[in-house]
1. First select every other residue whose beta carbon is under 15 angstrom from the beta carbon of residue 35; then total the charges, Lys and Arg +1, Asp and Glu -1.
2. Hey, could you pull the Cα Rg and Dmax for segment 29-71, both in Å?
3. Considering the Cα trace of segment 1-72, what is its radius of gyration and what is Dmax, both in angstroms?
4. Taking the highest mean first, how do the peptides 36-48, 76-88 order by number of other beta carbon atoms within 10 angstrom per residue?
Amino acid sequence: MNDATAAERQWTFLTNHARVLVQIARDPGIRVRDIATRCLLTERAVQRIITDLEQAGYLSHERRGRTNHYSVLAGKQLRHPADAGPTVAELLATLLRAPGDGQHHPAPAVPEPAAPRSADQVAGQQGDGLSQGRPPGVDRLDGAVSGAQ
């Protein structure tokens, strides 16, 4: 294979939609311009992705003054049939736990999924969400992600 062919066949593990979703989960008040810079995309592409995510029910936003504040609806299942099972919260928990220093670190063990609980059990529990089987940043029972580590 020559160099030109290898360059044309570049690929990545994450889609641009996943990258944008991760940035929003890290900072719900992030600007489109900052998402674009961090994801190496144009602002227009980021706006289209945000629209896609909102229309599919993975994301919502609320206007606060001159800025948008986003909420990731983390309880929603992943979109592709081959990815059936995991929720957005589980995906984000995996993607957000990696350090951003660029060095290789072993991945922590993946916790077992929490057993289903009744509404009474959920309503009676208090805490930070970590002991309740929810990933960091998931702060509401509807699965909305409001912030990052």
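Values quoted throughout were computed directly from the atomic coordinates according to the rules given, and no laboratory measurement underlies them. Nothing here was measured: the structure is a model prediction, and the numbers come from that model. Virtual Cβ from ideal backbone geometry, glycine too; neighbours counted across all protein chains shown.
1. Combined, the nearby Lys, Arg, Asp and Glu give +2.
2. For segment 29-71, the Cα-based Rg and Dmax read 10.2, 27 Å.
3. Gyration radius and largest Cα-Cα distance of segment 1-72: 14.7, 54 Å.
4. 36-48, 76-88
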